[in-house]
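The values are calculated or read from the model by the stated rules, or taken from the named source; none is laboratory data. Every value quoted in this text rests on a predicted model; they were computed, and no experiment measured them. Glycine gets a Cβ as well: all are built from the backbone with ideal geometry, and neighbour counts include every protein chain shown. Keep in mind that these areas ignore ligands, DNA and RNA; they rest on the heavy atoms of the full protein, side chains included. Shrake-Rupley method; radii C 1.70, N 1.55, O 1.52, S 1.80 Å.
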Amino acid sequence: MSSDRETIFSAIRAALDPLPKRTAKPDWPTELVISNPSGTFDSLKAQFADRLAFASGRYYDSVPVLADFLKAEGSILGYCDPTLISLFEGIEGLEIDTDFDDSKINDYTFGITRATAGVAESGTIMLTDTDTSCRLGALAPWIHIAVLNEADIVPHFPAAIERFGDDPSIIFATGPSKTADVEGILIEGVHGPGIQIALVISK
Amino acid sequence: MKTKQQIDRTARDLDPEVHDSNFMGAKLKSERRYNTLFRDYDDPNKLREIAGNVKQHTLEHLDTYLEQAEESFKRNGAQVHYAIDDAAVNAQVLRIMNETGSQTMVKSKSMLTEEVHMLDYLEKNGKTVVETDLGEFILQIDGDHPSHIVTPIVHKNRRGIAKSFEREGLGDYNDDPETITRRARKHLRQKYIDAEVGLTGGNFVSAESGRIVLVTNEGNARFCMAANKIHIAVIGIEKLVPTDRDLGLFINLIGRSGTGQQVTVYNQFISGPKKDSQPHGPEQMHVIFVDNRRTEVLASDCREILRCIRCGACLNVCPIYRQSGGHAYRSVYPGPVGAVLSPLLAGNRFPELADLPKASSLCGACNEVCPVNIPIPDLLLRLRDKAKREGAKEAMKGTPNLGMWATLCSQPTMWKTALSMGHTMNYIPTEMIPHPSAKSWQGARKLPKFEGGEFRKWFKKRAK
């Protein structure tokens, strides 16, 4: 309500007016928040793979190997962003929809969508509304496969934040959905994916 | 053990099983916090200090930043509302639900909605509200309240949860944590699909871009914004930070400080309704900025507490919280942060919670672990002083009368005489002193020989 707005703003000003001086905005260097590397890596891709595994995520850079994993998991029916389906050309034994059918939300066992970036220091996948063909496709199935261009792996969070642009919904996903609410015991796969995969391609 | 303070009584009477859950949960998270922060940074204290200054700067320029945030959200296509108190925010949410023809809400975890009892209010007005965070969902079916701001059911064990699930018809008794989680996944999945409104809090807000940040592990806040058409974010006015770049500080600190994770699984940055090209997600975003006495705290000498990012590190490290558990604080915010914030947010009910600032040994651990470096022990002392000045009865209970001591200390002649008389203590059987606390103290210890009162004599001679 507009009257609440005015009341709040005048209460803030009344609270701050008597302050003899106000704290200046600290100027902090980006290096401050960059975490110590967990080892030595010859590429951002290698560091990303290491950190993703640390966060209980899975890293693939071969479509046939990934398809074998899906089949071994008994994960046959899934959704795929229509612009990515060509990656799976010639793969047998998987049933893939490129139109997300809301009535099959509990039947899809994997979802394949595009990642906008990856963060090497933490194994994080960055999803945006611009590049995600369908929010539920990236969220509802047990397995989410984020397809990431190797060139889009950035070293740290500040570099990923610089890429925000004006996208209305940006998600940093680091490993599978998890909880430790029951007696502090870690369980993966609560509401979101129980298996988080990054498929890194280089084109 | 006889005790007069309410929090002591709760701790004394706590079920040993609940005590152990609280204690072990807190200890584990504290250790993980330490290990992760000191593995990942050479000097994590530097981050805490700077993050604290960023928040303090924002609070001290809050009028400017709040105005900027409002403009940013509007530019992004979100609608901005303000609510002065609990009644106002609840009415706003109900109005939005009614205007959009919405009956059912799924919500993710928000301490502010606990503060204003939103769930009860909406249900009384005929709406259906479903908590989707696993812990909060269990609290909702049990009619219980969180005892910790990050791990809300740390006081419960799997057997109790299994019984609740059986009672609610979610399956036969099964206390395996994985089965409990799968059953909740299945049950809540349908709730997301059925609901029209998704309600969230907001951990941070960037004023520059008009982005709220939601930090979760389960992915429930993502679902609240994928399956529904209306998104309502209820946010305290103290959550602002100046820029997107500053968020880099806070997302690196909150997970490591709270649960000892290098980073929380999902960090969502939401600035408006979904893109037109996106088939799922909210077509409307409503941001409600809530005061609910935060401007009173801003005007007080305890304004630093508004820096708090609700990570829970101070609870986990606190020797009092570890013994008493969160419910002992009789308010929404427990632990050291709650001992400061709860009495302040209580307004004219301050005297009822004025004992909370005394629930501390002032050991300083809460300040040392705080990711925004809040001087909690100093604030506790300021509130003890306030309680004394206002004659709050709750705060005085169990405190020995120090009137005699105060007189003695303020009269040099009396002080000197008392010191010289101290030697007589060496000749009387002290265990005979008929004061109950003196007796109980000596039950386990022996009073050492008095050797004081010599310094002045020595100093006088030396000066000559």
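What size of dipole, in debye to the nearest 20, comes out for segment B:301-359 about its Cα centre when the only charges are +1 on Lys and Arg C-beta atoms and -1 on Asp and Glu C-beta atoms?
Values: 7 positive and 4 negative charges, 28 e Å.
So the dipole magnitude of segment B:301-359 works out to roughly 140 debye.
First select every other residue whose beta carbon is under 15 angstrom from the beta carbon of A:Glu6; then total the charges, Lys and Arg +1, Asp and Glu -1. Walk me through the numbers before you get to the answer.
Values: positive: A:Arg5, A:Arg13; negative: A:Asp4, B:Asp63, B:Glu67, B:Glu70, B:Asp85, B:Asp291.
Taking every other residue near A:Glu6 into account, the sum is -4.
May I ask you to evaluate 6.51 cos²θ - 1.76 cosθ + 1.60, the Karplus curve with θ = phi - 60°, for each residue of segment B:359-364 and list the ³J(HN,Hα) values in order in whole Hz, giving x for glycine and proline?
For segment B:359-364, the Karplus curve yields 7, 7, 8, 6, 6, x Hz.
Please report the projected area of chain B's Cα convex hull averaged over all directions, in nm². Mind showing how you got there, number by number?
Numbers: hull surface 112.8 nm².
Mean orientational projected area (chain B, Cα hull): 28.2 nm².
Filter the cross-link list A:Lys25/B:Lys46; A:Lys45/A:Lys71; B:Lys74/B:Lys274; B:Lys127/B:Lys163; B:Lys109/B:Lys358; B:Lys27/B:Lys107 down to pairs whose alpha-carbon distance in this structure exceeds 18 Å. It would help to have the intermediate numbers written out before the result.
On the way: A:Lys25/B:Lys46 15 Å; A:Lys45/A:Lys71 26 Å; B:Lys74/B:Lys274 14 Å; B:Lys127/B:Lys163 27 Å; B:Lys109/B:Lys358 29 Å; B:Lys27/B:Lys107 29 Å.
Listed pairs above 18 Å: A:Lys45/A:Lys71; B:Lys127/B:Lys163; B:Lys109/B:Lys358; B:Lys27/B:Lys107.
Quickly rank B:52-60, A:25-33, B:274-282 as a protection proxy: mean count of other C-beta atoms within 10 Å, highest first. It would help to have the intermediate numbers written out before the result.
Details: B:52-60: 22.0, A:25-33: 14.0, B:274-282: 17.6.
Listed from highest to lowest mean packing, they are B:52-60, B:274-282, A:25-33.
Take the Cα pairs of segment A:93-179, get the Kirkwood Rh, then feed it into Stokes-Einstein at 37 °C and 0.692 mPa s and tell me D in µm²/s. Intermediate results must be reported in sequence, preceding the final value.
Numbers: Rh = 13.8 Å.
The diffusion coefficient I find is 239 µm²/s.
So, with +1 on the Cβ of K and R and -1 on the Cβ of D and E, and no other charges, what is the size of the charge dipole of chain B about its Cα centre, to the nearest 20 debye? List each step's numbers first, then the result.
Values: 65 positive and 56 negative charges, 450 e Å.
Value, rounded to 20: 2160 debye.
Name the long-range amide H neighbours of A:Ile201: under 5 Å, sequence gap of 5 or more, or other chain; modelled H, no Pro or chain starts.
A:Leu148, A:Asn149, A:Glu150
Once you place label points 7 Å from the Cα toward the Cβ at B:Ser410 and A:Asp27, how far apart are they in nm?
5.0 nm
If I take every Cα pair under 8 Å that is 6 or more residues apart in segment B:407-463, average their sequence separation and divide by the length, what percent do I get for the relative contact order? Don't skip to the end; give the middle numbers.
Details: 21 pairs, mean separation 20.4, N = 57.
About 36 percent, as a whole number.
Quote the FRET efficiency, to the nearest 0.05, computed for B:Lys439 versus B:Arg12 with a Förster distance R0 of 22 Å and r equal to the Cβ-Cβ distance.
Working: r = 21 Å, r/R0 = 0.93.
FRET efficiency, B:Lys439 to B:Arg12: 0.60.
Just name one of A:Thr7, A:Ala115, A:Ala49: the one whose Cα is farthest towards the positive end of the charge dipole of chain A (beta-carbon charges, Lys/Arg +1, Asp/Glu -1).
About the Cα centre, the residue reaching furthest to the positive side is A:Thr7.
Just need the relative contact order of chain B here, percent rounded to a whole number, with Cα pairs under 8 Å and 6+ apart. Don't skip to the end; give the middle numbers.
Numbers: 746 pairs, mean separation 93.1, N = 464.
The normalised contact order for chain B reaches 20 percent.
In 5 Å bins starting at 0, how do the alpha-carbon pair distances of segment B:43-292 split up by percent?
Reading upward from the zero bin: 1, 6, 13, 17, 19, 17, 13, 8, 4, 2, 0, 0.
Once you list every other residue whose beta carbon is under 13 Å from the beta carbon of A:Gln196, what net charge do they have if Lys and Arg are +1 and Asp and Glu are -1? Walk me through the intermediate numbers first.
Working: positive: A:Arg51, A:Arg58, A:Lys178, B:Arg222; negative: A:Glu188.
Charge balance in the 13 Å sphere: +3.
Determine the dipole magnitude for the protein assembly as shown: charges of +1 sit on the beta-carbon of Lys and Arg, -1 on that of Asp and Glu, nothing else is charged, the reference point is the Cα centre, and the result goes in debye to the nearest 20. Intermediate values should be presented prior to the final figure.
Working: 80 positive and 86 negative charges, 882 e Å.
Roughly 4240 debye, rounded to the nearest 20.
Using +1 at the Cβ of each Lys and Arg and -1 at the Cβ of each Asp and Glu in chain B, identify which of B:Leu112, B:His57, B:Phe450 lies farthest towards the dipole's positive end.
Looking along the dipole axis, the top candidate is B:Phe450.
For segment A:42-201, go through all pairs of different Cα atoms, get the mean of 1/r, take its inverse, and jot down that Kirkwood value in Å.
Values: mean 1/r = 0.0632 Å⁻¹.
Averaging 1/r across every pair of different Cα atoms and inverting gives 15.8 Å.
Between A:Asp61 and A:Glu95, take the C-beta separation as r, use R0 = 22 Å, and let me know the FRET efficiency to the nearest 0.05.
Values: r = 24 Å, r/R0 = 1.08.
So, using R0 = 22 Å, E works out to roughly 0.40.
Measure nothing but the geometry: give the 0 to 90° angle between the long axis through the Cα atoms of A:2-16 and the longest principal axis through the Cα atoms of chain A, rounded to 10°.
Taking Cα atoms only, the helix is inclined about 60 degrees.
Would you mind telling me the antiparallel percentage of the DSSP bridges in chain B, rounded to 5? Intermediate values should be presented prior to the final figure.
Details: 8 of 33 bridges.
So the antiparallel bridges in chain B amount to around 25 percent.
To the nearest hundred square angstrom, how large is the accessible surface buried between B and A, total for both chains, probe 1.4 angstrom?
Working: alone 23550 and 12050 Å², together 28360 Å².
When B and A are taken together, about 7200 Å² of accessible area is lost.
Can you give the mean number of other chain Cβ atoms that lie within 10 Å of the Cβ atoms in peptide B:213-220? Mind dumping the intermediate values first?
Values: counts 2, 1, 1, 5, 12, 9, 14, 5.
Across the residues of B:213-220, the mean count of other-chain Cβ atoms within 10 Å is 6.
For the cross-link pairs A:Lys178/B:Lys239; B:Lys29/B:Lys156; B:Lys388/B:Lys416, which exceed 19 Å when the distance is taken from alpha carbon to alpha carbon? Write down the numbers at each step before the final one.
Numbers: A:Lys178/B:Lys239 25 Å; B:Lys29/B:Lys156 16 Å; B:Lys388/B:Lys416 29 Å.
Distance filter (> 19 Å) returns A:Lys178/B:Lys239; B:Lys388/B:Lys416.
Expected output is a single nm value to one decimal: the length gained when fully extending between B:Ser420 and B:Lys275, i.e. 0.36 nm times separation in residues minus the C-alpha distance. What is it?
That works out to 44.0 nm of additional length.
Please compute the net charge surrounding B:Asp133, taking Lys and Arg as +1 and Asp and Glu as -1 over other residues with Cβ under 13 Å from its Cβ. List each step's numbers first, then the result.
Numbers: positive: A:Lys178, B:Lys107, B:Lys109, B:Arg185, B:Lys191, B:Arg222; negative: A:Asp181, B:Glu114, B:Glu131, B:Glu136, B:Glu218.
Counting the neighbours of B:Asp133, the net charge comes to +1.
Ordered by packing density, taken as the mean number of other Cβ atoms within 10 Å over each peptide's residues, highest first, how do A:158-167, B:77-86 rank?
Working: A:158-167: 17.3, B:77-86: 19.4.
Peptide ranking by packing, descending: B:77-86, A:158-167.
How about the protein assembly as shown: what cysteines have no other cysteine beta carbon under 4.7 Å from their own?
A:Cys80, A:Cys134, B:Cys224, B:Cys302, B:Cys308, B:Cys311, B:Cys318, B:Cys363, B:Cys370, B:Cys409
So what is the relative contact order for segment B:43-292, in percent, with contacts set as C-alpha pairs under 8 Å and at least six apart? List each step's numbers first, then the result.
Details: 424 pairs, mean separation 68.9, N = 250.
Relative contact order, segment B:43-292: 28 percent.
At a 1.4 Å probe radius, carbon and sulfur cover how many percent of the accessible area of the protein assembly as shown?
Values: 14770 of 28360 Å².
C and S fraction of accessible area: 52 percent.
Using the Cα centre of the protein assembly as shown as origin and beta-carbon charges of +1 (Lys, Arg) and -1 (Asp, Glu), tell me which of A:His144, B:Thr407, B:Gly210 is placed farthest towards the positive end of the dipole.
Towards the positive end, the residue furthest out is B:Thr407.
Which far-off residues, 5 or more places away or on another chain, put their amide H under 5 Å from the one on A:Leu77, with H placed in the peptide plane?
A:Glu95, A:Thr109
Does anyone have the angle between helix A:44-54 and the longest principal axis of chain A? Alpha-carbon axes, 0 to 90°, nearest 10?
For A:44-54 against chain A, the angle is about 90 degrees.
Between B:Asn45 and A:Ser10, what FRET efficiency follows from the Cβ-Cβ distance if R0 is 45 Å, with the result rounded to 0.05? Display every interim value, and only then the final one.
On the way: r = 38 Å, r/R0 = 0.84.
It comes out at approximately 0.75.
Add -39500 (n - 2.57) for each DSSP H run of 4 or more in the protein assembly as shown, then divide by its residues: what number comes out at 222 nm, to the nearest 500 deg cm²/dmol?
On the way: 27 runs with 275 residues, N = 667.
Rounded to the nearest 500, it is -12000 deg cm²/dmol.
Leaving out ligands and nucleic acids, and using a 1.4 Å probe, what accessible area per residue does the protein assembly as shown come to in Å²?
On the way: 28360 Å² over 667 residues.
Heavy-atom accessible area per residue stands at 43 Å².
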